[in-house]
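What follows is calculated from the coordinates using simple rules that are stated; it is not laboratory data. Because the structure is predicted, anything quoted here is derived from the model rather than measured. Backbone-built Cβ (ideal geometry, glycine too); neighbour counts: all protein chains shown.
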Amino acid sequence: MAEAMGSDWRPGMSNSEKAPFAISAERRDGVARIHAHGELDLETVPLLERALEAVDQLELTRVVLDFRDLRFVDSTGVHAILRAHTRATENGSVLVVVNSSENVRKVFELTRTDYLFQITSDDPIEAQSDRGPDWVPIAIPETTDG
């Protein structure tokens, strides 16, 4: 899987609390799956956006955001996901959030965005993982930020 790394460190956190943020993307049969690990916040949203931009270049019927390893999402993360939902809808595909933690689900509920896209604890694509071709990594462009 193509993977990009970042950091979820914030002022006031000690180095022992610092955990890396990672994102990877893959595709198969008109479906893209993006895995996010760590915390999605102001610092790490650009990594998700680059993965989503790479996915937008493909002709897909479904974009799956696999958040099983996502511990936290802030308002910038929600906004990035909403923009992804808008682009997916415009492109004729469906955005699905799967395997999100209770903390992440609560953020969607509190911001009243949970009704906009499918949020499920089961990944229908994973249930079919033994059928069809292998997943192909999607290259995530490196940052051009200084």
* Report the local net charge at Thr113: Lys and Arg +1, Asp and Glu -1, summed over other residues whose C-beta lies under 12 Å from its C-beta. => +2
* Structure fact -> For Ile140, the residues 5 or more places away or on another chain with a placed amide H closer than 5 Å to its own amide H are Glu3
* **Where GluC sites (Glu not before Pro) fall in DSSP loop in region 44-91, at most 12 other Cβ within 10 Å** => Glu59
